[in-house]
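To start, the structure itself, in structure tokens.
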Amino acid sequence: MDFGLTDEQEMIVDTVRAFVARELVPHENQVEATGVVAPELVAEITQKALAAGIYAANMPAELGGGGLDNLTMAMVDRAFGFTQYALHYIVARPSNILQACQGAQVDDYLLPTISGERVDCLAMSEPDAGSDVRGMSCKATRDGDHYVIKGTKHFISHADLADYVILFVATGEEETARGPKKLISSFLVDFDTPGVEVVPGYNCVSNRGYHNMIINFDNARVPASKLLGEEHRGFDVANEWLGATRLQVAAISLGRADRALSVATEWAATREQFGQKIGKFQGVSFKLADMTTKLTEAEMMTYRAAWKMDQNTMTDGDAAMAKLSATEMLQFVSDEAIQILGGMGLMDELPLERIWRDARVDRIWDGTSEIQRHIISREILRPLGA
Amino acid sequence: MKVVVCVKQIPDPADPGALDPETNTLKRDTKLILDESDSYGVEMALQLVDAAGDGEVHLVSMAANNEVGGLRTALAMGASSATIVSDDALGGSDALGTSKVLAAAIARQEPDLVLAGTESSDGYTGVVPEQVAELMGLPSVTFAKSISIEGGEAKIQRQTEAGYDDVECPLPVVVSVTAGVVEPRYPSFKGIMAAKSKPVDELDLDALGIDAAQVGWAGAGQEIVAVDEAPAREAGEVIEDDGDAHERIVAFLDDLKIL
């Protein structure tokens, strides 16, 4: 494994850093203050990202995307992690799962999402089914050449910006050693389908301006042609394509930690108390040492997993370790950064309190830290029959 | 239409390195990047070729060790090809020595238009474009804020203190472009990946037919005898407002001939 940047990777990261600094960071305070990204700003950033050729960087070049490998994508996500997610998200990263599109789905969903004409979101969670995905109650029932969908999804990120949803619903049930479990299928559902309603979700402490929504399905009739992958095999589709999402969360956490550490280091090197720079006190300098060490550990875990993904050798445990290590590192780094700055660390003149707040959701979404530990330990114990 | 853009590769201003104490010149042993002031010329050239519907943008640069880090950025923006001139004898070149090299490299391209930044961000001599024009026997227009090609000639708005001059000029012409007049595009990911396979012609003084005695330290007509730190800014005058502060401000600005 060699994580040294090639000239091309260095230029790609430089481009993203420049884009973030010029096009996104200037809007941070406005988004934090209002809790929204104005529609005209969404349109402006989208157009600039398309013009800059950095939109849909995760998608294959032959489909119109950026064509980046997973390691470079992790470096790009880290650079985007410098700013807040509400702005970052606009420079879209369509769900990798769309690469499972077949036939007319390619022209109807995959290609227009890569080109910025359409925006996707993904719905899995329900009020009574979080980590226990196979306990979901939202279901699709076959009726001729249609499916009829009924139920509710919540915590659906950026559904307010999307015009369709990659929906995971129960289409049956099977007996397992641990009792009956739902069979899951995935569908592409347009929001203008009769019976589909997108309503505001909850106010969240993390990621102001990046909204979670609730989607209600009231006997919505969806053509069978909207089935993504095979019936009852939605988990296969998810497992094939969603591993990269955990790496994305990990890589963004690195970027947030970069910024928090940078602010704390600058402060430690310039603020004087008791007649000397506070970085001279071991109580502060050792914090910086621990923060840097944990950040480097998480960097190694994340880039290792991304590199293995490029070699087609990444396991679920590799991705889980990257996410677990990076998101828990960010919790530590953002908290210690605030401790170094003292009271100023909690003021919104600086980005630390935002990074600290935003970090909280990263240990929950895309699989809680406990679920990641479950995945890692399962990979250790299963070969032993435990 | 063929547009040649002069591109300087400079030490990263964020990590500029140090001065060589013997020569009082900037050490250039770090990675070099595209001088931001030249990115405006690159962008303008790309826009002109787009507007023409046909043509190419070629870059010309001079740097040690065939360094192309900055050129790759401009190639990733969309330029088609580049020339890099490197030669051990070029160390210590002054502005005129640099212009001789650039003029010879540009002439090989037989361009319709030559663009350059008004001045580099590390040397700030601000004379190279005009010297290149003189050496090539071409007209020179400076401080362009916009350029269009119409009827086989260049129509240029030339920035002045009071506004701008409309200038019309036959092609080929050397034009220096004012910073900030266009928004340089970001190198796209596809452009970055494509840049590594774009042709970069590596030339030395022999290839250009230039006598080494005319350039570098040997040919330099100038010597940097000393470099001193800029004096610290002096504290300004604080005016307490006793009701006449506005008059004193007006008088102050009047003394500076701003009003």
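The values are calculated or read from the model by the stated rules, or taken from the named source; none is laboratory data. Values in this document were obtained by computation on a predicted structure and should not be read as measured data. Here Cβ is always computed from backbone atoms with ideal geometry, including for glycine, and neighbour counts include all displayed protein chains. With ligands, DNA and RNA removed, areas are computed over all heavy atoms of the protein, side chains included. Shrake-Rupley method; radii C 1.70, N 1.55, O 1.52, S 1.80 Å.
So, in region A:55-70, exactly how many residues are within 11 Å of chain B (Cβ to nearest Cβ) and among the polar types (S, T, N, Q)?
1
Return yes when B:E223 is charged (D, E, K, R), free of Cβ contacts under 8 Å to residues at least 60 places away in the same chain, surrounded by 10 or more Cβ atoms within 10 Å (Cβ to Cβ) and assigned to a strand (DSSP E or B) and no when it is not. Write out each step before concluding.
Working: charged (D, E, K, R): yes; free of Cβ contacts under 8 Å to residues at least 60 places away in the same chain: yes; surrounded by 10 or more Cβ atoms within 10 Å (Cβ to Cβ): yes; assigned to a strand (DSSP E or B): no.
Judged against the criteria, B:E223 is not a match.
Just give me the residues in region B:226-237 being of a type in the set (A, V, I, L, M) and without any contact (Cβ under 8 Å) to a residue 40 or more places away in the chain, in sequence order. Explain how you work it out, then say what you get.
Narrowing region B:226-237 to residues of a type in the set (A, V, I, L, M): B:226-227, B:230, B:232, B:235.
Hits for region B:226-237 are B:A230, B:A232, B:A235.
Just checking, which of B:V182, B:V167, B:V177, B:V127 is under 18 Å from the mean Cα position of the chain (by Cα), over 23 Å from B:L26 (Cα atoms), away from chain A (no Cβ under 14 Å) and among the β-branched types (V, I, T)?
Within the list B:V182, B:V167, B:V177, B:V127, the selection yields B:V177.
Within region B:118-130, how many residues turn out to be under 20 Å from B:Q159 (Cβ atoms) and open to solvent by 40 Å² or more (accessible area, probe 1.4 Å)?
So the count comes out to 6.
Could you pull out the residue among A:T46, A:T83, A:T72, A:T15 that is open to solvent by less than 10 Å² (accessible area, probe 1.4 Å), part of a helix (DSSP H, G or I), in contact (Cβ under 8 Å) with a residue 60 or more places away in the chain and hydroxyl-bearing (S, T, Y)?
A:T72
What is the number of the single condition among (1) part of a loop (DSSP other than H, G, I, E, B); (2) more than 14 Å from chain A (Cβ to nearest Cβ); (3) closer than 28 Å to B:S188 by Cα that B:E22 does not meet?
(3)
Of the residues B:E161, B:E247, which single one is of a type outside the set (K, R) and in a helix (DSSP H, G or I)? Walk me through it before giving the result.
Values: B:E161 fails: in a helix (DSSP H, G or I).
Checking each option against the conditions leaves just B:E247.
Against the condition open to solvent by 50 Å² or more (accessible area, probe 1.4 Å), under 22 Å from the mean Cα position of the chain (by Cα), within 25 Å of A:A306 (Cα to Cα) and of a type outside the set (A, V, I, L, M), how does A:R246 come out, does it pass?
yes
Considering only residues that are open to solvent by 30 Å² or more (accessible area, probe 1.4 Å) and not in a helix (DSSP H, G or I), look in region A:18-43 and name the one that is farthest from the other protein chains (Cβ to nearest Cβ).
Result: A:V36.
Please list, ordered by residue number, the strands (runs of 3 or more DSSP E) wholly in region A:123-200 having 2 or more residues that are among the basic types (K, R).
A:139-143, A:146-157, A:179-190
Of everything in region B:1-51, what is among the aliphatic types (A, V, I, L, M) and open to solvent by 60 Å² or more (accessible area, probe 1.4 Å)? Give them in sequence order.
Across region B:1-51, the qualifying residues are B:A14, B:L19, B:A51.
Just to check your reading of the model, which residue among A:D258, A:D190 is of a type in the set (D, E), out of contact with any Ser or Thr (no Cβ under 7 Å at 6 or more places or on another chain) and not assigned by TED's automatic domain parsing to the domain that holds A:D290?
Criteria check complete, one pass: A:D190.
Given (1) surrounded by fewer than 18 Cβ atoms within 10 Å (Cβ to Cβ); (2) assigned to a helix (DSSP H, G or I), identify the lone condition not met by A:I97.
(1)
Among the listed residues B:L96, B:L135, B:L71, B:L102, which satisfies the condition of being within 14 Å of chain A (Cβ to nearest Cβ) and either without any contact (Cβ under 8 Å) to a residue 40 or more places away in the chain or assigned to a helix (DSSP H, G or I) (or both)?
Numbers: B:L96 fails: within 14 Å of chain A (Cβ to nearest Cβ); B:L135 fails: within 14 Å of chain A (Cβ to nearest Cβ); B:L102 fails: within 14 Å of chain A (Cβ to nearest Cβ).
Step by step, each of B:L96, B:L135, B:L71, B:L102 is checked, and only B:L71 is within 14 Å of chain A (Cβ to nearest Cβ) and either without any contact (Cβ under 8 Å) to a residue 40 or more places away in the chain or assigned to a helix (DSSP H, G or I) (or both).
If I filter region A:233-242 for residues that are part of a strand (DSSP E or B), farther than 28 Å from A:F3 by Cβ and either modelled with pLDDT of 95 or more or open to solvent by 60 Å² or more (accessible area, probe 1.4 Å) (or both), do I get at least one hit?
Just the residues of region A:233-242 that are part of a strand (DSSP E or B), to begin with: A:233.
Add one more test, that the residue is farther than 28 Å from A:F3 by Cβ, and what stays is A:233.
Next cut, either modelled with pLDDT of 95 or more or open to solvent by 60 Å² or more (accessible area, probe 1.4 Å) (or both) only: A:233.
For region A:233-242, residues part of a strand (DSSP E or B), farther than 28 Å from A:F3 by Cβ and either modelled with pLDDT of 95 or more or open to solvent by 60 Å² or more (accessible area, probe 1.4 Å) (or both): present.
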